[in-house]
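Here the structure comes first, spelled out in structure tokens, and everything after it is commentary.
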Amino acid sequence: MNPRLETVRNSGNSSLNSLLKNPNLWLVLFVALLALLAGLPWVLPIGPMYWDTYLYVDASHRIANGQIPNVDFFPPVGPLGYYLYALMERMFPSGQPLLLAQWSCLIVTVPAMALLLADVAPRSRTLAFALLVPFAFFAALPFNTLSLFPNPGVDGFGIYNRHGAQLLYVLAATVLFVRDKTHMTAILSVLTLALFLVKITAFISGGLILAYAVACGLIAVPVILSTAFVFLLVLGLIQLASGLTLTYVTEIFLLASSNSNTLLPNLLTAMSENFSTIVAGGVTVLFLLIGDWREWSKALRAFGSSNSFQRFGSIFDRNWFWLGILLLAGLFFETQNTGSQAFLLIWPGLLMAWNRYGQRPVRSRMVLLVLIAACCFPTTIGVLQKAGRTFATALGSTQVESTNLSTLGLVSTKPIFLDRADIMQHYYAEQIKADEHLARLGQIPSFLLYSEPDFQVMWLQMNDKAIDAIQAYEAENNVHFKTIFTTDFTNIIPALMNRDAPKYVAIGAVAGRTLFEMDARTRKSVEDADLILDTLCPRTPGLIQSFDIYRKALSNHRKIRLTPCFDAYIREAAQDTTDIQLDIRR
């Protein structure tokens, strides 16, 4: 064989092997695969509280009509997630809404992850892949760690919590493993802004990690100052352009004051829901502390020397300290969530501990490996099991039939739940007064009502029929309702009918949490709405509380029974005004 050809062949094989070992190549392939899947109309089994997904649809429609989150309408969390979803919806108009919402955060995390991998891979490709694989796994799958209903289905709720968890994962990995100051500044600038604008509790958890990293000396002072400068500059520019920053901060304080009494109960709930991870993490912290006790004692004794400030990092930059801080940050974040993926952020801390344990005896390393597995398995196996059960269930599920739901109709469930949805819709329509009496006592028909697949299916079908009824009324009465609003948890009809939604109202409306008494401009906006819908099937405490707030703006509206499950309030001037406009067109 020609030696020159052999050399060229070996060189080509070497280049290919090198390329295949590049973690950023696999990151690109991962994104390309998800982009391909995002453009397809996948039908997913509907899961607990799936209607949280519709908040993104509502917000995206409002954004397309020129409304600004936290300025023109009030979401339960920060504005960034809704802008990212709006971008995904524009890029993939046929995509399944939940998948678009789940993967929208990759617009932020993938560039940050690419920089992180570029920094880490030259030192250790194994470490780079160990950081990439968990990130890709949890970013791809739309599942929380907590199961709220026995029947499997995709988790449409807590999407922004999963986004926060994934951002915190990249933040922790950056702090612990990135060494290049330029890379770190760029990544931290993006992540701090994203965390702040996605969910404030995620930002606070991230702030705890950053503060501890500065104390340990892992982040240089110029890096943290540059990050703070970019953070404040961008928020300042956003404020000048839209006024969003200050209104968002104001809402944060309002929500914090209204939910301040729930912190301790939520803390206990978060600990119970993540008991296995917290216990395994605590035991791992204790194991690392025992193994590090002698060296840490020496560092403490040396702390009183003249160069004590320089020794500060040697005291606190310890494996067990770091794991404890990450557990604490995850626990705080989880107090404001419902079983998302918060403890994903401890994985970089576990990887750091394993890397630093390389010179320890084999027995100690094996014990640590078992403890790391105990920390990681509950989250991994829980999500993997839910994904497997859901995809298996999809094979025997039936798509929900609809006329007006567009991509929101890309959901399915078992035939038994479809039958029950139809039965319960008729039942609730016949029992409105009884359900209202129950709701006035603070009760709902079923404790797990919002988690039940048949309720989520029924809710979609009710809104589908409501759109049919609105269109029939408009055709029969020669009118056009320009602005439509539903006094429900979420308001999808304007988006599905391409109508306007009133400004200055809450989306994801929960009285006492995100929904409060109307101010003057909110009342004026609701008064000017052409059509207000009140959901009747079933009456719940939340629906009654919401309607009682908005009722004060309906004095100029005429009530009709639109469908068995919806009362409609039509603005008296709407029909006359629209008729005049139609006459002019003729």
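Can you name the residue in region 343-389 that is basic (K, R) and over 28 Å from R179 (Cβ atoms) and, of all such residues, is most open to solvent (accessible area, probe 1.4 Å)? First the steps, then the outcome.
If we filter region 343-389 for residues that are basic (K, R), which is where we start, we get 356, 360, 363, 365, 386, 389.
Okay, now just the ones that are also over 28 Å from R179 (Cβ atoms), so 363, 386, 389.
Values: R363: 196, K386: 26, R389: 112 Å².
Only one residue tops the list, namely R363.
Checked against (1) modelled with pLDDT under 95; (2) on the phi < 0 side of the Ramachandran plot, V110 passes all but condition (1).
Pick from G330, G339, G382, G396: which is at positive phi and in contact (Cβ under 8 Å) with a residue 12 or more places away in the chain?
Details: G330 fails: at positive phi; G382 fails: at positive phi; G396 fails: at positive phi.
Selected residue: G339, the only one of G330, G339, G382, G396 that is at positive phi and in contact (Cβ under 8 Å) with a residue 12 or more places away in the chain.
N144 meets the conditions (1) surrounded by fewer than 23 Cβ atoms within 10 Å (Cβ to Cβ); (2) under 26 Å from I372 (Cα atoms); (3) modelled with pLDDT under 95 in every case but one. The failed one is (1). Scanning region 552-586 for residues being modelled with pLDDT of 95 or more, open to solvent by 50 Å² or more (accessible area, probe 1.4 Å) and outside any strand (DSSP E or B) gives a total of 1.
Looking across region 490-505, the residues that are closer than 19 Å to N463 by Cα, touching a strand residue (DSSP E or B) at 6+ places or on another chain (Cβ under 9 Å) and touching a residue at least 24 places away in the same chain (Cβ under 8 Å) come down to N491, I492, I493, P494, M497, D500, A501, P502. In the set (1) surrounded by 18 or more Cβ atoms within 10 Å (Cβ to Cβ); (2) at pLDDT 95 or above, the condition left unmet by C216 is number (2).
Restricted to helices (runs of 4 or more DSSP H) entirely inside region 18-119, those with at least 2 residues that are in contact with a helix residue (DSSP H, G or I) (Cβ under 6 Å, 6 or more places away or on another chain) and either among the aromatic types (F, W, Y) or under 20 Å from F137 (Cβ atoms) (or both) are 23-38, 80-91, 97-103. In region 13-27, which residues are free of Cβ contacts under 8 Å to residues at least 60 places away in the same chain and under 23 Å from V108 (Cβ atoms)? Once the filter is applied, which keeps residues that are free of Cβ contacts under 8 Å to residues at least 60 places away in the same chain and under 23 Å from V108 (Cβ atoms), region 13-27 yields only L25. If the condition is being outside any loop (DSSP other than H, G, I, E, B) and open to solvent by 10 Å² or more (accessible area, probe 1.4 Å), then region 484-505 contributes A495, L496, M497, D500. Suppose the filter is open to solvent by less than 50 Å² (accessible area, probe 1.4 Å) and either part of a helix (DSSP H, G or I) or among the basic types (K, R) (or both); does A392 pass it? So A392 fails the test. Out of contact with any helix residue (DSSP H, G or I) (no Cβ under 8 Å at 6 or more places or on another chain), under 24 Å from L127 (Cα atoms) and without any contact (Cβ under 8 Å) to a residue 12 or more places away in the chain: does that describe T250? In short, no. Considering V71, V77, V120, the condition of being farther than 20 Å from L37 by Cα and more than 21 Å from the chain's Cα centre (by Cα) is satisfied by V120 alone. Summed over region 65-87, the residues that are more than 17 Å from R162 (Cα to Cα) and open to solvent by 10 Å² or more (accessible area, probe 1.4 Å) give a count of 9.
S340 meets each of the listed conditions (1) in a helix (DSSP H, G or I); (2) under 20 Å from the mean Cα position of the chain (by Cα); (3) within 30 Å of P453 (Cβ to Cβ); (4) of a type outside the set (A, V, I, L, M) apart from (1).
How many of the residues making up region 410-449 are closer than 13 Å to L536 by Cα, open to solvent by 30 Å² or more (accessible area, probe 1.4 Å) and of a type in the set (D, E)? Counting residues in region 410-449 that are closer than 13 Å to L536 by Cα, open to solvent by 30 Å² or more (accessible area, probe 1.4 Å) and of a type in the set (D, E) gives 2.
The values are calculated or read from the model by the stated rules, or taken from the named source; none is laboratory data. Small disclaimer: the values here were computed from a predicted structure and weren't measured. Note: ideal-geometry Cβ built from the backbone for every residue, glycine included; neighbour counts use all protein chains shown. Only protein heavy atoms, including side chains, enter the accessible area calculation; ligands, DNA and RNA are left aside. Shrake-Rupley method; radii C 1.70, N 1.55, O 1.52, S 1.80 Å.
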